[in-house]
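Asker: Sending over a structure as structure tokens; questions will come in a sec.
FYI, it's all coordinate maths here, none of it is from the lab. Nothing here was measured: the structure is a model prediction, and the numbers come from that model. Using ideal geometry, Cβ is built from the backbone for each residue, glycine included, and neighbour counts are taken over all protein chains shown.
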Amino acid sequence: MSDDKSEGYKLAQQFMRQNRKMFDLATPSKPDTGFAAAVHRLFGDRPQKGKRFRLANREYIYSGYDKNLVSFVPVQWKEALDKKARVWPGCENWWAGYPLILWIELRLGDNGVTGHLRLNAEVGPVSGHAARKGLLMAIKNAATASGSSRIRLEATAFGEKQRYSRFLRENSIALSDIRNVNEVERTFVQLLAQFEEEFAIITAAIAEYP
């Protein structure tokens, strides 16, 4: 390295050291949330796919964790689905391998402090339009029969090219502080408890699936 380049490099390093605080303030930082710690409390430090756990008076099968979301399947759904088919073509590599999945995700607010937890439920890429439509119709009919307003499928869900269809509504709870592990954990359990009735409706829908 030439003397001129060496001197320039030293000056650049000196400038960065002297102005590091200014650069740190100018660079937006990602908020440190309590979601991962709450998930560890609820599921254990290293839960394996397929592990059973109990929350809010119901058993679930753990599927996976990715950044700000964790996925699982109610045991009652799994048992009802297993009675219909041991393998669901099109869903072998999708989430837990079943045509239905639940997951809770953390959504961040604009201020980096507030946010909300959202519970999602989705019908996945079941092979064969008739098979997928049959499952969607079973869910729609069960929701209608029960009078549930929190299970609703859009008309587009029944299209031949559609592969993924979410169906829960009114499915989030606000967090006053996403960094508060206790609040995140408590809200996680609360969100599941609020949808006990809807989970039972889906179990009944699976039973009616041809």
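Asker: Mind checking which aspartates and glutamates have their C-alpha under 20 Å from residue 161, skipping anything on the same chain fewer than 8 residues away?
Answerer: Reachable aspartates and glutamates: 92, 122.
Asker: In addition: Pick out the long, greasy-scoring helices in the chain: whole DSSP H runs spanning 27 Å or more along their own axis by Cα, mean Kyte-Doolittle at least 0.0.
Answerer: none
Asker: Expected output is a single nm value to one decimal: the length gained when fully extending between residue 166 and residue 84, i.e. 0.36 nm times separation in residues minus the C-alpha distance. What is it?
Answerer: Full extension from residue 166 to residue 84 adds 27.4 nm.
Asker: On to the next question. What is the gain in length, in nm to one decimal, between residue 107 and residue 148 on full extension, counting 0.36 nm per residue of separation less the C-alpha to C-alpha distance?
Answerer: Contour length minus Cα-Cα distance gives 12.2 nm.
Asker: Given 20 °C and 1.002 mPa s, how large is the Stokes-Einstein diffusion coefficient of the chain in µm²/s, with Rh as the Kirkwood radius over Cα pairs?
Answerer: In µm²/s, the coefficient rounds to 109.
Asker: If you don't mind, there's one more thing I want to ask. Add +1 for every Lys or Arg and -1 for every Asp or Glu among the other residues with Cβ under 11 Å from the Cβ of residue 168, and state the total.
Answerer: Overall, the nearby charge balance is +2.
Asker: What length, rounded to one decimal in nm, is gained on full extension from residue 52 through to residue 207, with 0.36 nm per residue of separation minus their alpha-carbon distance?
Answerer: 53.6 nm is the gain from fully extending residue 52 to residue 207.
Asker: Something else about it: Return the long-range amide H neighbours of residue 90 (sequence gap of 5 or more, or a different chain), with a cut-off of under 5 Å between placed amide H atoms.
Answerer: 127
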